[in-house]
Amino acid sequence: MQILVIEDERQLARHVCSALYRGGHEVKALHDGAEGLAAVLKEAPDLVVLDLNLPGMNGFDVLERMRRAHSTSRVIILTALGDVEQRIKGLKAGADDYVAKPFSMDELVARVEALGRRGATPKAEDKLTVGDLHMDVHQRRVTRGTTSINLSPREFELLQVLMEEPGRVFTRTELSERVWQREHEYENRSVEIFIGRLRKKVDAGHSQPLIHTIRAIGYTVKSND
């Protein structure tokens, strides 16, 4: 994968680049938020490792502007250990995953590899339909009726899991394990955030919602037809 590391701590950036380079990736590092955003929009890397506390433009602004520009680059944010609010804000802004500082390089590389595997090209015949919601897994395209829906990589992956078994109720923990490959119960908040993001894109403006919450259990995608 082509990976851009946007991190103002230069020594940490060098260590991250070295670890990812040893993993077989093409890696570049920048140390300023505005410069990093310009590079993302020009070069469209497969993945961005994004620190939130950056000079020039903070990581939240970089992420929000990326998504407003419809950048499909996957984003792993680097947050302070225990700073749950920053983590939640980053996920709501469009991040796909996070790693809390201080972190092990093995964990970061594992997160990168997990996102890379999810982004691998699926089988050409994988086309999913629930009601008037259609997903072409190979082309990574989603439409509802005649309207195209722009999804981030994690949003796409979460919706894909739900659409593969329409009507089945997935627990938050199961979705966390399937999509984020995380097992801890506190990660269920990430699932809630992404379900909220999907609802805004998939169900907004439609009289019949397709994404349903089953109270105290989890979530499902189904048509009321």
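Does PHE194 satisfy the condition of being buried (at least 16 other Cβ atoms within 10 Å of the Cβ), farther than 15 Å from GLY94 by Cα and touching a residue at least 24 places away in the same chain (Cβ under 8 Å)? Against the criterion (buried (at least 16 other Cβ atoms within 10 Å of the Cβ), farther than 15 Å from GLY94 by Cα and touching a residue at least 24 places away in the same chain (Cβ under 8 Å)), PHE194 does not qualify. Flag: SER71 matches the condition of being of a type in the set (S, T, N, Q) and either closer than 30 Å to SER148 by Cα or surrounded by 17 or more Cβ atoms within 10 Å (Cβ to Cβ) (or both). Residues that are of a type in the set (S, T, N, Q) and more than 14 Å from the chain's Cα centre (by Cα) within region 40-88 comprise ASN53, ASN58, THR79, GLN86, listed in sequence order. Within region 188-225, restricting attention to residues that are polar (S, T, N, Q) and in a strand (DSSP E or B), the residue that is farthest from THR146 (Cα to Cα) is THR213. Inspection of region 168-185 identifies at least one residue that is in a loop (DSSP other than H, G, I, E, B), at pLDDT 90 or above and either surrounded by fewer than 17 Cβ atoms within 10 Å (Cβ to Cβ) or hydroxyl-bearing (Ser, Thr, Tyr) (or both). Checking each residue in region 126-182 for being in contact (Cβ under 8 Å) with a residue 40 or more places away in the chain and basic (Lys, Arg) picks out ARG144, ARG154, ARG168, ARG172. The set of residues from region 1-40 being touching a His at 6+ places or on another chain (Cβ under 6 Å) and not charged (D, E, K, R) comprises MET1, ILE3. Of all the residues in region 1-43, those that are surrounded by fewer than 16 Cβ atoms within 10 Å (Cβ to Cβ) and within 21 Å of ASP106 (Cβ to Cβ) number 9.
Does any residue of region 186-204 turn out to be modelled with pLDDT of 85 or more, farther than 24 Å from SER73 by Cα and either touching an Asp or Glu at 6+ places or on another chain (Cβ under 8 Å) or in the same structural domain as ALA80 (by TED's automatic domain parsing) (or both)? Looking through region 186-204, none of the residues is modelled with pLDDT of 85 or more, farther than 24 Å from SER73 by Cα and either touching an Asp or Glu at 6+ places or on another chain (Cβ under 8 Å) or in the same structural domain as ALA80 (by TED's automatic domain parsing) (or both). Cβ-Cβ contacts under 6 Å between residues 6 or more apart (or on different chains), taken from a first residue in region 46-73 that is assigned to a strand (DSSP E or B) to a second residue that is buried (at least 16 other Cβ atoms within 10 Å of the Cβ) and not aliphatic (A, V, I, L, M), are listed as LEU47/ARG74; VAL48/SER73; LEU50/GLY59; ASP51/GLU7; ASP51/GLY59. Yes or no: region 47-58 includes at least one residue that is surrounded by fewer than 15 Cβ atoms within 10 Å (Cβ to Cβ), closer than 25 Å to VAL179 by Cα and of a type outside the set (A, V, I, L, M, F, W, C). No: region 47-58 contains no residue that is surrounded by fewer than 15 Cβ atoms within 10 Å (Cβ to Cβ), closer than 25 Å to VAL179 by Cα and of a type outside the set (A, V, I, L, M, F, W, C).
The values are calculated or read from the model by the stated rules, or taken from the named source; none is laboratory data. The structure presented is a predicted model; accordingly, all values stated were derived computationally and were not measured. For neighbour counting, all protein chains shown are included, and Cβ atoms are generated from backbone atoms with ideal geometry for every residue, glycine included.
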